[in-house]
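Chemist: Dropping a structure here in structure tokens format, bear with me for questions.
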Amino acid sequence: MTTLVLTVVGDDRAGLVAAVADVVGNHGGNWENSQLAELSGAFAGIIEISVPPEHTDELREALAVLEGLLKVTVHSGAAAAERERESAAARSFTLEVVGNGHPGIVRDISAVLRSHGVSIDRMTTTTCEAAMYGGRLFEATVAARVPASVDLDALTAELELLAAEIQVDVTLDA
């Protein structure tokens, strides 16, 4: 099987997931993993599918039919063996960030993670009104992998220093 990763974006409306699923299914593909969301009236997502190699080109062409409903971009997926090798050599952890919302939080946190070779697997962020905090409350949850060679204590210390500097609470669960 060939792995493809689809990114989809369009104006939110009923039936978008079904439209993509129909095209994938009609060409012998299997919907493996996905993250889909509606944000500010737009629908966006990333979908991992597997498809028999002989149907890959035909599926790519069929997904183009969705243009106008959704913008679909098709990427070749990484080989499963490569992903397994990378995962075996890394440790997983979860990072939670909470604080008054202000520009630069994601940039600053991700810069520290990048400097330690951390790979972000999944990140969700939200903001909401928080009257008791005097503004907007920012929350982020990051699921990530850190190379085995990285000193987790040093990473934690650097994140804690940054948290004090940008005035957020950071919790790392390794």
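Coordinate-derived values only; no laboratory data. Note that the structure is a prediction, hence the values are computed from the model and not measured. Positions of Cβ are generated from backbone atoms using ideal geometry, with glycine treated the same way; all protein chains shown enter the neighbour counts.
Chemist: Nearest 20 debye, what's the magnitude of the dipole of the chain about its Cα centre given +1 on Lys and Arg Cβ and -1 on Asp and Glu Cβ? Can you show the working numbers first?
Modeler: Details: 11 positive and 26 negative charges, 27 e Å.
So the magnitude is around 120 debye.
Chemist: Across 10 Å bins from 0, what is the distribution of all Cα-Cα pair distances for the chain, in whole percents?
Modeler: Result, from short to long distances: 9, 29, 26, 25, 11, 1 percent.
Chemist: Out of residues 5 or more away from residue 91 or on other chains, whose amide H comes under 5 Å of its own, with H placed 1.01 Å from N in the peptide plane?
Modeler: Under 5 Å from the amide H of residue 91 lie the amide H atoms of 146, 148, each far enough along the sequence or on another chain.
Chemist: So if each residue of separation counts as 0.36 nm, and I subtract the Cα-Cα distance between residue 122 and residue 11, what length gain in nm does that give?
Modeler: Values: separation 111, 0.36 × 111 = 39.96 nm, distance 2.34 nm.
Result: 37.6 nm gained on full extension.
Chemist: What list of ³J(HN,Hα) couplings, whole Hz, do you get for region 52-68 from phi and the Karplus terms 6.51, -1.76, 1.60, once you set θ to phi - 60° and write x for glycine and proline?
Modeler: These are the phi-based 3J(HN,Hα) values: x, x, 6, 9, 4, 5, 5, 5, 4, 5, 5, 5, 5, 5, 6, 3, x Hz.
Chemist: Right, next: Determine ³J(HN,Hα), in whole Hz, for all residues of region 147-156 in sequence, where each value follows from phi through the Karplus function 6.51 cos²θ - 1.76 cosθ + 1.60 and θ = phi - 60°; x replaces Gly and Pro.
Modeler: Karplus values, whole Hz, x for Gly and Pro: x, 4, 6, 7, 6, 5, 5, 5, 4, 4.
Chemist: Set the Förster radius R0 to 30 Å, insert the Cβ-Cβ distance between residue 158 and residue 75 as r into 1/(1 + (r/R0)^6), and round the FRET efficiency to 0.05. Could you put the intermediate results ahead of the total?
Modeler: Details: r = 32 Å, r/R0 = 1.07.
Once the sixth-power term is evaluated, E becomes 0.40.
Chemist: May I pose another question? How large is ³J(HN,Hα), in whole Hz, for each residue of region 109-118 in order, when computed from phi with the Karplus curve 6.51 cos²θ - 1.76 cosθ + 1.60 and θ = phi - 60°, using x for Gly and Pro?
Modeler: 5, 5, 5, 5, 4, 4, 5, 9, x, 6
Chemist: So what is the 222 nm mean residue ellipticity for the chain from helices alone, if each DSSP H run of at least 4 adds -39500 (n - 2.57) and you divide by all residues, rounding to the nearest 500 deg cm²/dmol?
Modeler: Numbers: 5 runs with 54 residues, N = 174.
Value at 222 nm, helices only, nearest 500: -9500 deg cm²/dmol.
Chemist: Once a ≥ b ≥ c are taken as the square roots of the eigenvalues of the Cα gyration tensor of region 2-77, is the result rounded (a/c under 1.5), prolate (a/b larger than b/c) or oblate (a/b not larger than b/c)?
Modeler: Working: a/c = 2.05, a/b = 1.68, b/c = 1.22.
Here region 2-77 falls in the prolate category.
Chemist: Mind telling me which of 147, 103, 53 comes out most flexible in a GNM of the chain, alpha-carbon contacts under 10 Å?
Modeler: Highest fluctuation of the listed residues: 103.
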